[in-house]
């Protein structure tokens, strides 16, 4: 498994590659735990023995802005959801995904709340 860090149009991306020309998994992270992304990559490697894949963990600055599709007042805590998901999706489509366009299969990974921004 290979690891590299790339800066793509203003976002830091941590990229793990296992094999060549496999599926690409795009995973938005807030970078709270340095070990979390590596642990996921290791688990993925263990679970997909013999399969090729690339994990692109892209870092966002403001979770409640970058993954929310519309503005919503705070539900828990103080920080509001400010509706910046379109910019995140535009970055994925226009800047990040084209760098990995040789593959036939792409996967968008998310946490429980994140599927909202895919809409």
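Projected label points at residue 33 and residue 74, each 7 Å from Cα along the beta carbon direction, are separated by 2.4 nanometres.
Which FRET efficiency value, to the nearest 0.05, do you get for residue 47 and residue 99 by plugging their Cβ-Cβ distance into 1/(1 + (r/R0)^6) with R0 = 30 Å?
Details: r = 25 Å, r/R0 = 0.83.
Efficiency, from the Cβ-Cβ distance: 0.75.
According to the calculation over all Cα-Cα pairs in the range 30-84, the P(r) per 5 Å bin from zero is 4, 17, 18, 15, 13, 14, 10, 6, 2, 0 %. Taking only the C-alpha atoms of the range 1-66, the Rg (one decimal) and the largest Cα-Cα distance, Dmax (whole number), read 12.1, 38 Å.
Label sites at residue 82 and residue 2, each approximated as a point 7 angstrom past Cα along Cα to Cβ, lie 3.7 nm apart.
Read-outs: derived from the displayed coordinates by stated rules, not from any lab. Not measured: the values here are computed from a predicted model. Neighbour counts are summed over all protein chains in view; Cβ atoms, including those assigned to glycine, are modelled from backbone coordinates with ideal geometry.
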